[in-house]
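Remarks on the structure that follows.
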Amino acid sequence: MHTTGTIAAALGAELVGPSDRPIRGLGTLDGAGPEELTFIRSAAFAAEWRSSRAGAAIVSRGLEVPGHDSAARALLVVPDADMALTKALGLFAPPASRPAPGVHPSALVDVSARVGAGASIGPMCVVEAGATIGDGAVLVSQVFVGAGATVGAGTTLHAHVSIGERCVVGRQCLLHPGVVIGADGFGFVSSPDGRGLQKVPHIGTVEIGDQVEIGANSCVDRAKFGSTTVGSGTKIDNLVQVGHNCRIGRACLICGQVGLAGSVTVGDGVILAGQVGVADNLTIGPRARLGAGSGVTRSVPAGQTWLGYPAAEARECLRNWSALLSLATRLRRLEQATNIPAGDA
C-alpha cells in the first residue's frame with residue numbers, strides 16, 4: 001500500500017499535508033474516496049476540491065486550491081498534473097501478465113516461419129510460410145500473420161489481429177484486438193461496358209515503425225504499389241481507417257474514427273482529433289492540429305490549427321461561426337418584430 005509520502009517521493013512532488021495518509025487507488029475529483037488520489041489541473045477543478053472526499057490530489061504548480069486543510073488532506077504539487085498522473089497510474093497498475101514462451105498446441109505455424117527466442121504464439125494463431133516473429137513477441141490468440149510478414153521483437157498482437165502477407169510491424173508495438181494491417185485498399189474503376197465496377201489490384205505492403213500503438217478495430221490498408229507507412233512512436237486510437245499509400249510521420253496522435261483517404265501525407269507530430277476526415281492526396285504539415293469533426297478538403301500548412309467543415313485555419317473558422325451566429329440572432333429578432341417568419345420576409 002502507498003502513502004501520500006511515498007507517492008510524493010515517487011513523483012518528486014512537494015507535499016502539502018500529511019505524509020502518512022494511506023492511498024489505495026485513484027479516482028475522479030467527484031468520485032474519489034478518503035483513501036484515493038485524484039488530480040487537479042485547472043482552477044475549475046481546484047474550486048471543487050472543498051466538496052471532494054478524496055484524501056489527496058496531484059496539483060499543477062501555481063494553482064490556488066481554496067479550502068484545503070493541510071492537517072487532514074494532502075496536495076502533491078508538481079509542475080504538470082497530467083504528466084504526474086501518468087506516473088501515478090503506473091504505481092497502481094496491476095502487474096502485467098505475460099504468456100509463457102512457446103507455441104500453443106492449437107496454433108498453426110508453417111515450418112518455414114521463423115519464431116524468435118522467447119516469443120509466445122497463443123491459441124489458434126496462424127503464422128504462414130516465410131513469416132518472421134521477433135524475439136519476445138506475443139501473439140495472444142487467434143492472430144493471423146500472413147506469408148512473408150514480419151512482427152518485430154517485443155511487439156504484442158492482441159486477439160484477432162490480422163497482419164497481411166509481406167507487411168511489416170516494427171519493434172515494441174502494441175496492436176489491440178481486431179486490428180487489420182494490409183487489407184486491400186479501396187480502389188475501383190468503371191468497367192469497360194459502363195455497367196459495373198472493376199477492382200484495382202493492390203500489390204503493395206504496409207510498414208509500421210517501432211513503438212506504434214494501434215487501437216481496437218482500426219485498419220491500415222496496403223498500398224496500390226510501394227508501401228503505406230506509419231512512423232515510429234505514432235499512436236492510433238480505435239476505429240481509425242488509414243487508406244492505401246498514406247504516409248504517416250513519427251509521433252503523431254490520431255484519435256478515434258479518423259478517416260484518411262488514399263495517398264494522404266501526415267507530417268511528424270500531427271494531432272488529428274476524433275472523426276477528422278481527410279480527402280485523398282492531401283498533405284497535413286508537421287505539428288499541425290485538426291479539431292474534432294473537421295473535414296479536410298485542402299492541404300494544411302505545418303504548425304497550424306484548423307477546424308470545421310470544410311476545415312479552415314482556426315481563427316478564420318471561428319470568425320465564420322461568429323458571423324453565422326450573429327446572422328441567426330438578427331433573423332430571430334426580425335421574426336419577433338414583424339411576426340413574419342424570416343424565410344418569408
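Throughout, read-outs are computed from the coordinates displayed, never taken from laboratory work. Everything quoted here is computed from the prediction, not taken from an experiment. As a convention, Cβ positions derive from the backbone with ideal geometry for all residues, glycine included, and neighbour counts pool all protein chains shown.
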Tell me whether the stretch 2-92 comes out rounded, prolate or oblate; compute the Cα gyration tensor, take square roots of the eigenvalues as a ≥ b ≥ c, and use a/c under 1.5 as the rounded threshold. rounded
At a Cα cut-off below 14 Å, give the aspartates and glutamates reachable from LYS235, other chains included and same-chain residues fewer than 8 away excluded. ASP210, GLU213, ASP268
When the scattering of the chain is computed by the Debye formula from its Cα atoms alone, each counted once and equally, what is log10 I(q)/I(0) at q = 0.11, 0.12, 0.15 Å⁻¹? -0.93, -1.00, -1.14
Determine ³J(HN,Hα), in whole Hz, for all residues of the stretch 35-42 in sequence, where each value follows from phi through the Karplus function 6.51 cos²θ - 1.76 cosθ + 1.60 and θ = phi - 60°; x replaces Gly and Pro. 10, 10, 9, 10, 9, 10, 10, 8
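So which trypsin sites (Lys or Arg not before Pro) in the stretch 146-203 are both in a DSSP loop and have at most 14 other Cβ atoms within 10 Å of their Cβ?
Numbers: sites: ARG166, ARG171, ARG195, LYS199; in loops: ARG166, ARG171, ARG195.
Passing both the DSSP loop test and the Cβ count: ARG195.
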The rounded separation in angstrom of the Cα centers of the stretch 160-189 and the stretch 191-266 is 9 Å
Sequence-distant or interchain residues sharing an amide H contact under 5 Å with PHE39, placed H: which? LEU29, ILE58
What are the residues whose amide H is under 5 Å from the amide H of ILE284, where those residues sit 5 or more places off or on another chain and H is modelled from the backbone? THR265, VAL266, GLY267, VAL300
So which aspartates and glutamates can LYS224 reach, going by Cα to Cα under 12 Å and dropping same-chain residues fewer than 8 places off? ASP184
Once phi for every residue in the stretch 9-26 is put through the Karplus expression 6.51 cos²θ - 1.76 cosθ + 1.60 (θ = phi - 60°), the whole-Hz ³J(HN,Hα) values, with Gly and Pro written as x, are 5, 5, 8, x, 8, 7, 9, 10, x, x, 9, 9, 6, x, 10, 10, x, 10
Candidates per trypsin sites (Lys or Arg not before Pro) in the stretch 245-342, loop by DSSP, up to 15 other Cβ within 10 Å: ARG298
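Nearest 500 deg cm²/dmol is fine: what mean residue ellipticity at 222 nm does the chain get from its DSSP H runs of n ≥ 4 alone, each adding -39,500 (n - 2.57), divided by its residue count? If you can, show how the numbers build up before the last one.
Values: 4 runs with 49 residues, N = 345.
Computed mean residue ellipticity for the chain: -4500 deg cm²/dmol.
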Could you derive backbone 3J(HN,Hα) for the stretch 273-288 from the dihedral phi with the Karplus parameters 6.51, -1.76 and 1.60 (θ = phi - 60°), listing whole Hz in sequence and x where the residue is Gly or Pro? 6, x, 6, 5, x, 10, 5, 5, 6, 9, 10, 9, x, x, 6, 6
Testing the spin-label approximation: label points 7 Å from Cα along Cα→Cβ at ALA323 and ARG61. State their distance in nm. 4.5 nm
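Output the relative contact order of the chain, whole-number percent, from Cα pairs under 8 angstrom with separation of 6+ residues. It would help to have the intermediate numbers written out before the result.
Details: 981 pairs, mean separation 21.5, N = 345.
Dividing the mean separation by the residue count of the chain yields 6 percent.
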So which trypsin sites (Lys or Arg not before Pro) in the stretch 18-63 are both in a DSSP loop and have at most 12 other Cβ atoms within 10 Å of their Cβ? ARG61
Specify the longest stretch of the chain that does not include any exposed loop site, a site being one of the chymotrypsin sites (Phe, Trp or Tyr not before Pro) with a non-H, G, I, E, B DSSP assignment and at most 16 other Cβ atoms within 10 Å. 1-185
Here the residues of the stretch 55-94 lying in the modelled label zone of SER19, meaning backbone nitrogen under 19 Å from a point 7 Å along Cα-to-Cβ, are 56-59, 70-78
